[in-house]
Every structure is written in C-alpha cells, then in structure tokens.
Amino acid sequence: MVESDHRGSRNGSVVINPAFSDLECGQTASQQPPKVTSEVKRPTADADAVVTTRRQSYVRMGDPEDRRMSLGKRRRSTKEDIWDVTMDLEEEVEYVPWSEKTELQRIGSVLWIIGRILFAFLCIYLFINSLTFLSAAFQLVGGKSAGAAFSQGSIMSNPIVGLMLGVLVTVLVQSSSTSTSIIVAMIAAGILELTPAINIIMGANIGTTVTNTIVSMGQSMDRKQFRRSFAGATVHDCFNWLCVAVFLPLEALFHPIRFLSEIIVKGVGKSSGENQDFIKIITKPFTDKVIRMNIKKVLAEVTKFCSEDSPKYDPEFCQVWKDTTLMKQCRDQQGEIVKCGFIFSETGMSDTWTGLILMILSLLMLCLCLAGLVKTLQSILLGPVAGALKKHINSDLPYPFKWLTGYLFMGIGVVFTFLLQSSSVFTSTLTPLVGLGVISIDRMYPLTLGSNIGTTTTAMLAALASDSDARTTTIQIAVCHLLFNIFGIVLFYPVPFMRRIPIAGAKILGNTTAKYRWFAIVYLLIVFLLIPTLLLGFSLISNIVFYTFIGIVLLLILSVISITLMQKYAKDRLPLKLQTWDFLPEPLHSLKPYDRLITSLFSNCTCCKCGTQPLDDLTVSYGYK
C-alpha cells in the first residue's frame, strides 16, 4: 500500500514522487526512472493556499495595474532594478535625537541646515548664469555661421535639410528662441515660406536639448549617477527624434500642422501682449556686467540682406552686418560708439576670441557649480529626508486617480518653464537630481514633456509683444511649435506601450554611458554635429545622392531594429546565422574594440582611468558614496 505522501522505500533507497503507475513488473522505483511529462508540478497545499489568499486579496482591493505590478515584483524579487530609485539604500548616518541635543547643538544643527540650503540656492543661481554665458559663447563663436546658413533659403525646401539646419543652428547659438526669431525675420522678409520654417522648428526642438546633455556629464565620475543623469537628459532627445520621425514625413506630405495653425491664428493679428522674462529679472544684474548680446537683430539683418532669394538682397549691407559685432553696442548723443560698461566690451577683442574665452570660463563655472550643487544635495538628501522626498516625488496619486499623475507633473513642467523662460534651464536643473536618484526616469519624462509645452508659451508671449506687422506670422510660428509638441505628447504618452519607447531608448543610452563613459562625448558629436553636417553636405552635392544616402541609411536602420527585436522575441524564426550578430566583425556590433583603443590611448592619464574601465556587469551598488 502506497502512503498518501507518495513516499516509499525499496532496497534501502528513498524515492520522492516516483511515477508508480509506470513501474514495470519486477522493478523497484530506484531502478525505474521517473517518467518525464509536461505536467506542471503544483506547490504544496499550504503554499498554494497562501498564493491563492494573496491573489484573492489583490482582486478584492486596489488598482488592477498595481496588482499586476505587485505580482510581477514578487516574481522578480531576486533581481535588482537599477532604475528603481526607491530601491536605493540610504546612507547609514548616526543621528542624534533632537531631544538629546544640547541647546548649542540645536542652534548649530539649524544653522548648518540653513547654510547648506542657501549654498545650494547660490549654486543654482550661478549654474543658471553659467548656462547664459555658455549660450552667449556659442553665439559669438558660431552665430555668424548660423546667419549665413539661414541665408541659403533655396536649400531649405528639402524637409530633411531644414530639419538638420534647425538642429545645427540651434546647437551653434544655444537658443531655440534665437532660431525662431531668425525664422520669423526671414518669413517677414519674404525669404522663407511657412512650410520649411516648420521643419526648422522641429530641428530647433532637437538642438535645444544639447545643453542638459552636456550638464549630465558633470556627474560622470560616479557610474550610478552618470547612468541616471545621462538617461534623464537624453529622454528629451529620444522623444524629440521619435516625434520628428513620425511628423516630419506627415508634414511634408499633408501639412497638418500648417493648416491647423492657420485656423488657430485667424483674428489674432491685432492682439497685443507683454513678454515677461522672469528669470532675467534675477540674473541680469550679474550677467549684464559680464556680457550683453544683440544677436537676434544682427542675425535677422544678415539673413535679410545676404540671402539671394530676398527682395532686399544687398551685398554691401550684407558685408556691413557680417562685420557687426554680436555684442551689444552703445552710442553717445552724437551717435558715436562707446563702451557699454560690461567686462568684455572693455577688452576690444573680436567676437570669436571673446566667445572662446567665455566658453572656457562658462564651462568651468558650470562644472564647479554642478559639483557644489550635487555634493550639497547629497549632504542634505540623506536618510529620512531622501526617503520622504523620493516617496512624494516618485509616488503616484491614489487609485483611481493614478493615471492623472503624469499629467500633473506635465503641468508642473509647464509652470516652471514658463517662470524660468527656458526649457534648457529647467531640464538642466533637474538632470543632477535624476543622477542623485531623487527623481526617477519615469518621472523625468512627463516633466520634460511639460517643459516642451512651457517653452512654446514663452514664444507665444514674445509673439504677442512683437510689432503688429509681424505679429500674425510670429504667433503662427509659435502655434506650429506648440502643435508639434502636443501631437508628440498625444502619440507618445497616454498609451503605456508608446510611453515606454522613449524611456527605453534613454535607458539604453544610460546603460551604455555607464559602461563606456567616453560614449557620451561621441553621442554629442555624432547626434548634434556630425549627422546634421553630413546631411547638409550631401544635400549640396546632388538631390539624387542625398536621397539615395537617406534611403540606404533608413533601410539599414529598419533592418537592424527588426533583426534585433526578432533575436530577442522570436529567435527561432531567424536563420541560424542571424540569431546573433557574431557573424559581423566585432567593431560592427560591439563597442569593446573602441573601448580598448581609447583605454590604450589614455592609459597614462590618471584622472581618466576610472572612466575608461568598462563594467562587466551593469548592476551596481545602491548606497550613496
């Protein structure tokens, strides 16, 4: 008789759960191997009851998505999610209870906390000023080139050329509002039509994200912080590139943004408004003592008189405006040019040398302010403070309002960008917080989308405050920018699957930079300089060469993406050779050869060794260091 627990003993051996019904006559359980079946072995009755009880409790209460996530987290409990900031282990600090402190210690603690907070605000203030100086430096170095590029109105009929020109010019002048103002001047002068202007605006939307990508490199000394900060910065890039990939062809074929903007701006030509630049009220007292710029007027005149397509084309005036400095000029009562009182007006240097010196100083200032801000925030955000902050920032609204959480943070992004009058300043300020783990990538994404909307409200106010002759055109440009961002949000946020695409792209870039830190510099050079310059160069050769090149590149990208997805999800359907990329030479499917080369080149650089050693495993520790 077999016992109920299916446990038997034959010839001194114990067999657990043998297939007794399959034993042949005269054979013991130890001699007959158990029959292999596809039947799933259920756990014991007690364990099954516990699982059933838990499942029933989740069915009875709470958000269904929370229930699925909770069950998923239990299944993945043995794995660490390097992007989950709530899993970070806070640094263990010995706190002395307030009740046990003496009166002198209490005063010292309060003063120490206030001092750190004030120092953090000082770092933020100087950090914002350094971004202003960096923008001015780029304008002085590359502003004339930007004006010359915009003056080639004939080549901008190609939508891809217009897009890349918008990227390149915005990177050169470090200001999407400057690019937009030049576009408005070109449209008002009859040089440019609205359709190619929309393509340039899409490119300007991409080019303006270079600032926070540069800022993220300030945390490159810590792999965990660099992984997060770079991903938090590039989630903006991924969103903008995806929007361009979808809406640039649609706009080129059907012009939906143009038609909607024309409907919206009807009847607003006589409106008036006032542009309040709130952040400059605070920063101008400091920045005006260093540098003052007059770039918008100069570049607008350059594009007006230097473009052969313009009815006001005049080589003589063109040369005059090309020789005009981009720095502000002051005149006395007799009309003579005099020094304006800021530091660089006293030097008498050219725009190029002034820009190079200012660029070095602004980058140094930016790095020092960023390092001070990160260290100060690290000292403030320890223990209970960090836990409470992460809990409130990264937690969702209670059920059934959880789905509104992202839209709430979008609204926060709109408001703060409106107050700061700069999306670059807002996202660049959040980037170090993402690196510290205070803000998650999933929370940074809606804040970034809100910042995209906020920067268009700034342009709208500027349009309402413009001259009445160009007001309708300016407003329509601002509306086109707004519609482009709204369409992108509608496509890549409400549906969870679509929302995960730009976030996944940013995480891939973050993982890559954590493993190979030099990749961040390569990314900046390729995405914001090499690709736009290369495409512009091909466009000048021949349309046939240009479109052939674009077709080959797009076909190659789609093929690589398709095969990579099949390797991950349907590997058995691929030929044996295509199931991995190992059949290609190593430099074509791995960054390791380039890493070995860079490591060997910088092997004698002590400060670079920590950044050139790749990680064997992307999992890192979670404690603050």
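A few comments on the model shown:
- Members of segment 503-551 that are hydroxyl-bearing (Ser, Thr, Tyr) and more than 27 Å from the chain's Cα centre (by Cα): Ser539, Ser542, Tyr547, Thr548
- Restricting the first member to segment 531-542 and to residues that are touching a residue at least 40 places away in the same chain (Cβ under 8 Å), and the second to residues that are surrounded by 15 or more Cβ atoms within 10 Å (Cβ to Cβ) and in a helix (DSSP H, G or I), the beta-carbon pairs closer than 6 Å and six or more apart or on different chains are Pro532/Met164; Pro532/Val167; Pro532/Leu168; Leu535/Met164; Leu536/Met164; Ser539/Val161; Ser539/Phe546.
- Given (1) over 30 Å from Met349 (Cα atoms); (2) modelled with pLDDT under 70; (3) assigned to a helix (DSSP H, G or I), index of the condition Ile279 fails: (1)
- Qualifying positions in segment 83-118 - within 24 Å of His392 (Cα to Cα) and modelled with pLDDT of 75 or more: Trp83, Val110, Ile113, Ile114, Arg116, Ile117, Leu118
- Of the criteria (1) open to solvent by 10 Å² or more (accessible area, probe 1.4 Å); (2) within 21 Å of Ile128 (Cβ to Cβ); (3) modelled with pLDDT under 75, which one Thr208 fails: (3)
- Subset of segment 318-371 that is modelled with pLDDT of 85 or more and open to solvent by 90 Å² or more (accessible area, probe 1.4 Å) - its residue that is nearest to Asp288 (Cα to Cα): Leu361
- Residues that are open to solvent by 60 Å² or more (accessible area, probe 1.4 Å) and farther than 17 Å from Lys297 by Cα were ranked within segment 133-156; the one that is modelled with the lowest pLDDT is Ser154.
- Total residues in segment 212-230, condition under 10 Å from the mean Cα position of the chain (by Cα) and either closer than 19 Å to Phe487 by Cα or open to solvent by 10 Å² or more (accessible area, probe 1.4 Å) (or both): 0
- Any pair with Cβ under 6 angstrom, 6 or more apart, that starts in segment 477-503 at a residue that is touching a residue at least 24 places away in the same chain (Cβ under 8 Å) and surrounded by fewer than 20 Cβ atoms within 10 Å (Cβ to Cβ) and ends at one that is assigned to a helix (DSSP H, G or I) and of a type in the set (D, E, K, R): Tyr493/Arg499
- Considering the conditions (1) hydroxyl-bearing (Ser, Thr, Tyr); (2) modelled with pLDDT of 90 or more; (3) touching a Leu at 6+ places or on another chain (Cβ under 9 Å), Thr533 is excluded by exactly one of them, (2).
- Cβ pairs under 6 Å, 6+ apart, first in segment 113-125 and open to solvent by less than 50 Å² (accessible area, probe 1.4 Å), second hydrophobic (A, V, I, L, M, F, W, C) and at pLDDT 85 or above: Cys123/Cys369
Residue-by-condition table, conditions (1) surrounded by 24 or more Cβ atoms within 10 Å (Cβ to Cβ); (2) in contact with a Cys (Cβ under 8 Å, 6 or more places away or on another chain); (3) at pLDDT 85 or above; (4) over 22 Å from Ala136 (Cβ atoms):
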| residue | (1), (2), (3), (4) |
| --- | --- |
| Ser175 | yes, no, no, no |
| Gly232 | yes, no, yes, yes |
| His236 | yes, no, yes, yes |
| Val244 | no, no, yes, yes |
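- None of Ile550, Ile563, Ile526 is assigned to a helix (DSSP H, G or I), among the β-branched types (Val, Ile, Thr) and either out of contact with any Phe, Trp or Tyr (no Cβ under 9 Å at 6 or more places or on another chain) or open to solvent by 50 Å² or more (accessible area, probe 1.4 Å) (or both) except Ile526.
The values are calculated or read from the model by the stated rules, or taken from the named source; none is laboratory data. Quick caveat: nothing in here was measured; it's all calculated off a predicted structure. Because the Cβ atoms are built from the backbone with ideal geometry, glycine has one as well, and the counts that use them run over all protein chains shown. All accessible areas refer to the heavy atoms of the entire protein, side chains included, with ligands and DNA or RNA removed. Shrake-Rupley method; radii C 1.70, N 1.55, O 1.52, S 1.80 Å.
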